[in-house]
Structure formats: structure tokens, C-alpha cells
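Pasting a structure below so you can have a look.
The values are calculated or read from the model by the stated rules, or taken from the named source; none is laboratory data. Predicted model only: the values in this text are computed from it and were never measured. Backbone-built Cβ (ideal geometry, glycine too); neighbour counts: all protein chains shown. Surface accessibility is based on the protein's heavy atoms, side chains included, excluding ligands, DNA and RNA. Shrake-Rupley method; radii C 1.70, N 1.55, O 1.52, S 1.80 Å.
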Amino acid sequence: QVQLVESGGGLVQAGGSLRLSCAASGRDVNNFNMAWFRQSPGNEREFVAGMYWSSSTPYYEDTVAGRFTISRDNAKNTIYLQMNSLKTEDTALYYCAASRRAYSADGSDYMYWGQGTQVTVSS
């Protein structure tokens, strides 16, 4: 069982930055693939960024590559999403998730989810 708790969301102007955190706890958390997803009203949940915890190799959805950075802190069992150059279309509820499948961008592969943290980007 893995527990995930996100934090760091908020309201920011377009062009600004936010850093989201996802604190993970539970057995074998370092053997999971971790990812951030987001969902805005009326839209399907979409993959944002992921990292296989043991390798630290990141991968990104095309529209955020170059603006967002996923990273980890092993000592704190925490995954971060640094979001720069935010756009109004980045507004969404952001979720942290854990999967046994490495390098997956498919939400159906993820069995553990946090409660979400809201990011709102104003124009």
C-alpha cells in the first residue's frame, strides 16, 4: 500500500511558477514509477510528467516539456513538479500517482493516487 499526499498548488499569473510536492509513504515506494497527471473541468485526465524512482529518468508530455521539471528527494520520499512559464491552459487539478509499470503515461496503469492539488493560472 502506498499513500500519496500532494501540496503546493495555488493561484499564479501566466508566466509565473509553482512547485508541486508529492510525499509518498508505504512499502517499497522506491520501486514504483511516479507520475503527475492533471484534469481540468470537461476534459479527460492527462499525463504530465513521470519518473521511474530507481533510475530518476524523467519523461514528459509534449506540451510541458521544457517548462516543467519532475525531480525527487530520496531522503524525503518526495516527488516534485517544478512548473515554469505557466499558461492559462495549465489550469487543472494535479494528481500524483504511483505504478508498478515503468515509464507509463497511461493512467490505467496507476493504482495509487493522491487527492490532488489545484493549480489556477490567471491571464
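For ARG101, list long-range residues whose amide hydrogen, built 1.01 Å from N in the peptide plane, is under 5 Å from its own amide hydrogen.
Amide H to amide H, under 5 Å and 5 or more residues apart or across chains, ARG101 pairs with ASN33.
Starting from the Cα-Cα distance between TRP113 and SER17, subtract it from 0.36 nm times their residue separation and give me the gain in nm to one decimal.
Difference between extended and current length: 32.2 nm.
Next question, about the same structure. Return the carbon/sulfur percentage of the accessible area of the chain, one whole number, probe 1.4 Å, all protein chains in place. Show your work: numbers first, answer last.
On the way: 2680 of 6040 Å².
Ligands and nucleic acids excluded, carbon and sulfur give 44 percent.
How far, in nm, would the chain grow between ASN84 and SER122 when pulled straight, counting 0.36 nm per residue and subtracting the alpha carbon separation? Kindly include the intermediate steps, with their values, before the conclusion.
Values: separation 38, 0.36 × 38 = 13.68 nm, distance 1.40 nm.
Full-extension gain reported as 12.3 nm.
Something else now. SER40's amide H: which non-local residues (gap 5+, or another chain) put their own amide H closer than 5 Å, with H modeled 1.01 Å from N in plane and none for Pro or chain starts?
LEU93
Skip the ligands, DNA and RNA, and give the accessible area per residue of the chain with a 1.4 Å probe, whole Å².
Using a 1.4 Å probe on heavy atoms only, each residue of the chain averages 49 Å².
Using a 7 Å offset from Cα along Cα-Cβ at ASN77, what residues in segment 1-44 end up with backbone N under 18 Å from the label point?
Once the point is set 7 Å along Cα→Cβ of ASN77, 1-7, 21-35 turn out to lie under 18 Å by backbone N, inside segment 1-44.
Between ARG27, ARG101, ARG67, which gets the highest mean-square fluctuation from a Gaussian network model of the chain, Cα cutoff 10 Å?
Evaluated over the chain, the most mobile residue of the options is ARG27.
Using 0.36 nm per residue of separation minus the Cα-Cα distance, give me the extension gain between ASN30 and THR57 in nm, one decimal.
Net length gain for the segment: 8.4 nm.
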